[in-house]
Amino acid sequence: MDETLGTALRRWRDRLSPLDVGRTSRTGRRAVGLRREELAELAGLSVDYVVRLEQGRATSPSAQVVASLARALQLQPVERDYAYRLAGLLPPQEGTVSTHVPAGVQRMLARLGEFPVGVFSADWTLLSWTPAWAVLLGDPSARTRVERNLVRAVFAAGPSGLAAWPVIQDGEALGPALVADLRTALVNYPRDRGLIDLVEELRSTSAEFTRLWDQGAVGPHVSARKTIVHPQVGEVTCDCDVLTVPGCDVRLVVYTVAAGSADAEKLEFLRVTNGVRTDGPSPPGPGLFSTP
């Protein structure tokens, strides 16, 4: 019998350990792998919809849903493409921005729960984030995928970008760096319609973006020092580093503070008061990552 998307989802769900996604594997747990409820949380879907997908009663998931499931299930690229085909969709094509987060990267981040980490695609759309990210910068889960694009947010709202409260940048390098990085992405992904539309949109809505774009700078957005003005603890100054994963071009934006500093104490206070665990298990609510 030919495999369906539902049977493949069940098979992939069964092979994942809760520890792979930052959850506690409790004694007496009956589920072999992830529960449907856990997969739904990780993929940002309703449990009912996951059930209907697995039972074959939902037969036309969108490309965004398949991408979210592929990330939550930590599929390899060939498996992700297989999932698209089972859903009756074309897999992402060469020359387009990937939203795939490699399984190894997800497993690594599952063990870095104390750090605020955001995972971005090459067009600077926030794909997923750790609970510590949501605590430090505000929970992005209420935003749509369009609203979670950092370049759009910066040129519409200023340096705070996707943060729910003010962020003070050291210098004025963020805007130019993002524009230069986006220009590089457009060269790397010339067939990506969403990326092309983003550039056209910003050129028509932001004079500052247009000015920077017309200067023709190219290059990656790397590191910065930022001060988050948090409503609970006041100013928290962090080093913000951007790491690119070779072979898939997703970017990890990592906020860190010096050990033993006043900023470290503030960040620890935020983690504790908001229920963020740093010893492996995920906090109440969403799993290790929130997703679209």
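Among the helices of the chain, those built from whole DSSP H runs whose Cα atoms reach 15 Å or more along their own axis and whose mean Kyte-Doolittle hydropathy is at least 0.0 are 174-188.
When each of the peptides 261-272, 115-126, 86-97 is scored by how many other beta carbons lie within 10 Å of its residues on average, the order from highest to lowest is 115-126, 261-272, 86-97. Taking a Cβ cut-off of under 15 Å around THR184, the surrounding Lys, Arg, Asp and Glu residues balance to a net charge of -2, with basic ones at +1 and acidic ones at -1.
When peptides 150-160, 226-236 are ranked by their average number of other Cβ atoms within 10 Å per residue, the highest-first order is 150-160, 226-236. Charge tally for PRO77 (other residues, Cβ to Cβ under 15 Å; Lys, Arg +1; Asp, Glu -1): -1.
Based on protein heavy atoms only, the chain ends up with 47 Å² per residue of surface accessible to a 1.4 Å probe.
Give me the percent relative contact order of the chain, please, defined on Cα pairs under 8 angstrom at least 6 residues apart.
Result for the chain is 23 percent.
In the list (i) 19.5, 62; (ii) 21.9, 67; (iii) 24.4, 80, the label attached to Rg and Dmax of the Cα atoms in Å as derived from the coordinates here is (i). Normalising the average separation of contacting C-alpha pairs (under 8 angstrom, six or more residues apart) by the number of residues puts the relative contact order of segment 150-225 at 37 percent.
Equivalent ellipsoid of segment 41-195: semi-axes from √(5λ) of the C-alpha gyration tensor, largest first, are 28, 20, 14 Å.
The values are calculated or read from the model by the stated rules, or taken from the named source; none is laboratory data. Owing to the predicted nature of the structure, the values given are computational and were not obtained by experimental measurement. Here Cβ is always computed from backbone atoms with ideal geometry, including for glycine, and neighbour counts include all displayed protein chains. Just the protein is used for accessible areas: all its heavy atoms, side chains included, with ligands, DNA and RNA removed. Shrake-Rupley method; radii C 1.70, N 1.55, O 1.52, S 1.80 Å.
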